[in-house]
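Beneath this line is the structure, given in structure tokens, with notes to follow.
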Amino acid sequence: MAALDVHVRICEQEILKYDLEIKALVQDVTECTGPQATLTDLNSTVKESFQNLRLRIQDLEQMGLEQDKESDKQALLQQVERHRKQMLSNQTAWRKANLTSKMSIDALEKEALLNGGEDALRQRKKTKGDLAQTSSDITESLMSMSRMMAQQVEQSEDTMTTLATSSKTVLETNEEFKAMTGTIQLGRKLITKYNRRELTDKLLIFLALALFFATVLYILKKRLFPFL
């Protein structure tokens, strides 16, 4: 059960990681003003993150269905439902972000065509450069967040391994204690048995000696005092 709880926590952490990635990428899509290739690349990354998120939600749902207690099962399935609703909300925000970005790209292209001057082109290049720098900064932040989440996942896996090892050691120790208890109980029975036998042997020896001395006295009496 402890190992399953660790798997659930790891799955929840990964779901949170992908949810944050999607939100950041959707913001990048909203602020994207071109070119179209940049928007296409961003959308490809968003699709990949949605796919990873969908798989992890399915894993969490499977773990919920495998729970023995009905209360634990229902609690996990409710979490799955909340995550799916959040994913649908992110998908809606993604579609709106694409509309906003396409409108910005179209507006800038029309402005460039209308102005047709070098100043407009330089301004657009500067804007693209600023946006590229902003996108780079956001990407770096996401990478740092991803590395941090990966470290947390690795630590959770180490914790799971340690718990499994500790559980195995406890079980082995318990089995050894049971074996020792059985041995001690057997030894106690043997000691009690030997003590009883020792008492019986002493009693038999005492009776044998008494019979021996009685016989000797009887013989002496017959020989020394035949008239008695």
Those residues of the stretch 80-92 which are open to solvent by 50 Å² or more (accessible area, probe 1.4 Å) and over 15 Å from Lys23 (Cα atoms) amount to Glu81, Arg82
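Do we find that Phe177 is aromatic (Phe, Trp, Tyr), open to solvent by 100 Å² or more (accessible area, probe 1.4 Å) and at pLDDT 75 or above in this structure? Give the derivation first.
On the way: aromatic (Phe, Trp, Tyr): yes; open to solvent by 100 Å² or more (accessible area, probe 1.4 Å): yes; at pLDDT 75 or above: no.
No, not satisfied.
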What residue, of Glu81, Glu61, is acidic (Asp, Glu) and at pLDDT below 95?
Glu61
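Does any residue of the stretch 54-62 turn out to be free of Cβ contacts under 8 Å to residues at least 40 places away in the same chain, charged (D, E, K, R) and open to solvent by less than 70 Å² (accessible area, probe 1.4 Å)?
Initially, the stretch 54-62 is screened for residues free of Cβ contacts under 8 Å to residues at least 40 places away in the same chain, giving 54-55, 58, 61-62.
Then keep just the ones that are charged (D, E, K, R); that gives 54, 61.
Filter once more, so that each one left must be open to solvent by less than 70 Å² (accessible area, probe 1.4 Å): 61.
Yes, some residue in the stretch 54-62 is free of Cβ contacts under 8 Å to residues at least 40 places away in the same chain, charged (D, E, K, R) and open to solvent by less than 70 Å² (accessible area, probe 1.4 Å).
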Residue in the stretch 18-36 that is nearest to the chain's Cα centre (by Cα), counting only those that are open to solvent by 30 Å² or more (accessible area, probe 1.4 Å) and modelled with pLDDT of 90 or more:
Tyr18
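Which residues, counting only those in the stretch 48-77, are out of contact with any Leu (no Cβ under 8 Å at 6 or more places or on another chain), closer than 22 Å to Ile22 by Cα and not basic (Lys, Arg)? Before the answer, list the steps.
So the first thing to find is which residues in the stretch 48-77 are out of contact with any Leu (no Cβ under 8 Å at 6 or more places or on another chain), and the list is 48, 50-59, 62, 68-72, 74-75.
Now drop any that are not closer than 22 Å to Ile22 by Cα, which leaves 48, 50-59.
Glu48, Phe50, Gln51, Asn52, Leu53, Leu55, Ile57, Gln58, Asp59 - these are the residues of the stretch 48-77 that are out of contact with any Leu (no Cβ under 8 Å at 6 or more places or on another chain), closer than 22 Å to Ile22 by Cα and not basic (Lys, Arg).
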Kindly provide the set of residues from the stretch 103-130 that are at pLDDT below 65 and of a type in the set (Asp, Glu), ordered by number.
Glu118, Asp119
When residues of the stretch 139-174 are limited to those that are farther than 24 Å from Glu14 by Cβ and among the hydrophobic types (A, V, I, L, M, F, W, C), the one modelled with the highest pLDDT:
Leu171
Considering only the stretch 90-102, I want to know if a residue exists there that is at pLDDT 90 or above and under 28 Å from Asp5 (Cβ atoms).
yes
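The values are calculated or read from the model by the stated rules, or taken from the named source; none is laboratory data. Since the model is a prediction, treat every value here as computed from it, not as a measurement. Positions of Cβ are generated from backbone atoms using ideal geometry, with glycine treated the same way; all protein chains shown enter the neighbour counts. Surface areas here come from the heavy atoms of the whole protein model, side chains and all, with no ligands, DNA or RNA. Shrake-Rupley method; radii C 1.70, N 1.55, O 1.52, S 1.80 Å.
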